[in-house]
Amino acid sequence: MKAIVELAAPHTWPASSIPVCLAAMLSVSLTHQFSQYLFFSVLLTSIFLQCAVNTLNDYADFVKGTDTIENSDDPTDASIIYNELNPKSARNVGVAFIILAAVSGIYAIYIAGWIPVVFGAVGVAVLASYSFSKFPLSYLPVGEVISGFVMGGIIPLASYYVFTLQIEPMVIVYCIPTIISIGLIMMTNNISDIEKDHDAKRKTLPCILNRDKTSVLLKSLIILSAIFVCTLVVVYFRNGSFLIPLMIGSIIMPFNRLSNGRFMPESRILSMNSILSIHTRLNLYYIAMIAADLILGAIL
């Protein structure tokens with residue numbers, strides 16, 4: 001059970017749960033539609049799919065020899081190794097998570113039809129191409145863009161459709177901060193793994209740019225994502241803009257921790273916790289500002 005929990009990596013779930021919450025808040029704000037049953041169906045589907053991604057990626061890294069006892073300082077990031085888990089068992093756990101995601105999505109499919117199935121199939125296809133294709137995407141400098149767009153853009157777009165039965169392209173615009181911040185989670189992970197990825201002959205973005213240049217890019221993109229939140233709120237959800245100073249204040253401490261860690265392998269846990277904290281706080285405040293705009297707009 002300990003190994004299964006570590007493979008599922010609950011600390012990373014904000015990357016899959018916040019996009020669904022943002023889509024739900026947007027559906028309430030823009031169309032005044034919300035169903036708690038649909039919400040939990042979509043939320044569980046998204047979380048279980050991320051559990052599958054986390055598990056099968058760890059399995060693929062172990063089978064390919066990328067993760068070894070020598071280069072894995074974080075026991076929770078190398079569960080197969082430290083728990084002496086049979087890799088086939090890890091693979092089966094990953095498949096079980098995909099099945100749980102499918103079961104969780106039955107109600108959403110019943111309500112919204114076949115279109116959510118298409119979105120889900122795209123997600124599974126990306127998972128397969130990321131870790132298991134002949135030329136895995138995890139070996140290319142596109143992981144940040146793919147993870148950001150799929151989880152931060154496609155998941156909210158699909159969720160919004162389930163909640164409202166409408167395809168709304170503006171959802172992608174509203175989700176730009178989320179797309180960026182989820183991509184930065186992948187970037188932070190890859191910066192910490194530069195040496196390991198070099199040995200595995202991976203060409204991730206940090207491997208190409210080097211640690212110093214990537215760290216500058218990452219910190220710049222954190223600031224850019226905050227700017228996007230502020231801009232989107234002022235333009236589209238103006239009544240909630242009074243929360244902007246609180247949002248900015250909330251990310252200063254984790255931003256400083258992230259910068260002081262210097263993204264070295266030995267500070268990987270600190271770096272990952274900091275970027276997850278930034279992602280969570282930034283986007284929860286964004287959701288809160290949309291909610292505040294809706295409430296104050298109704299009052300005023």
Query raised in the report: Lys213: which lysines have alpha carbons under 30 Å from its alpha carbon, excluding same-chain residues fewer than 8 sequence positions away?
Result: Lys64, Lys134, Lys196, Lys201, Lys203
Requested in this report: For region 90-187, count the residues as N, evaluate 2.2 N^0.38 Å, and divide the Cα radius of gyration by that value, please.
Outcome: 1.14
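With viscosity set to 0.692 mPa s and temperature to 37 °C, compute the Stokes-Einstein D of region 139-232, Rh being the Kirkwood radius across alpha carbon pairs; µm²/s, no decimals.
For these conditions, the coefficient is 233 µm²/s.
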Report summary line: Rounded to 0.05, the calculated FRET efficiency for the beta carbons of Ile248 and Asn86 at R₀ = 35 Å is 0.15
Query - Ratio of Rg to Rh over region 180-226 (Cα coordinates, Kirkwood Rh, two decimals) - result: 0.99
Query raised in the report: Under the classification rounded if a/c is under 1.5, otherwise prolate if a/b is larger than b/c and oblate if not, where does region 1-138 fall, given a ≥ b ≥ c as square roots of the Cα gyration tensor eigenvalues?
Result: prolate
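Which whole-number percent is the relative contact order of region 70-229 (Cα, under 8 Å, 6+ apart)?
Dividing the mean separation by the residue count of region 70-229 yields 19 percent.
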Query raised in the report: Of the trypsin sites (Lys or Arg not before Pro) in region 236-300, which ones lie in a loop per DSSP and count no more than 15 other C-beta atoms within 10 Å?
Result: Arg262
Report summary line: Measuring from the longest principal axis of the C-alpha atoms of the chain, the long axis of helix 211-236 (C-alpha) lies at a number of degrees, nearest 10, equal to 10
Query - At 1.002 mPa s and 20 °C, Stokes diffusion of region 178-300 via Kirkwood alpha-carbon radius, µm² per second - result: 140
Query raised in the report: the chain: D in µm²/s via Stokes-Einstein (Kirkwood Rh, Cα pairs, 25 °C, 0.890 mPa s)?
Result: 125
Query raised in the report: In nm, to one decimal, how far is the Ala96 label point from the His32 one, both placed 7 Å along Cα→Cβ?
Result: 4.6
Query raised in the report: What size of dipole, in debye to the nearest 20, comes out for region 181-300 about its Cα centre when the only charges are +1 on Lys and Arg C-beta atoms and -1 on Asp and Glu C-beta atoms?
Result: 160
Requested in this report: Can you grab the distance from the C-alpha centre of region 254-296 to the C-alpha centre of region 89-142, Å, no decimals?
Outcome: 26
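We did not get these values from a lab; they are worked out from the coordinates using the rules stated. Since the model is a prediction, treat every value here as computed from it, not as a measurement. When we count neighbours, we look across all protein chains shown, and the Cβ atoms used for this are built from the backbone with ideal geometry, even at glycine.
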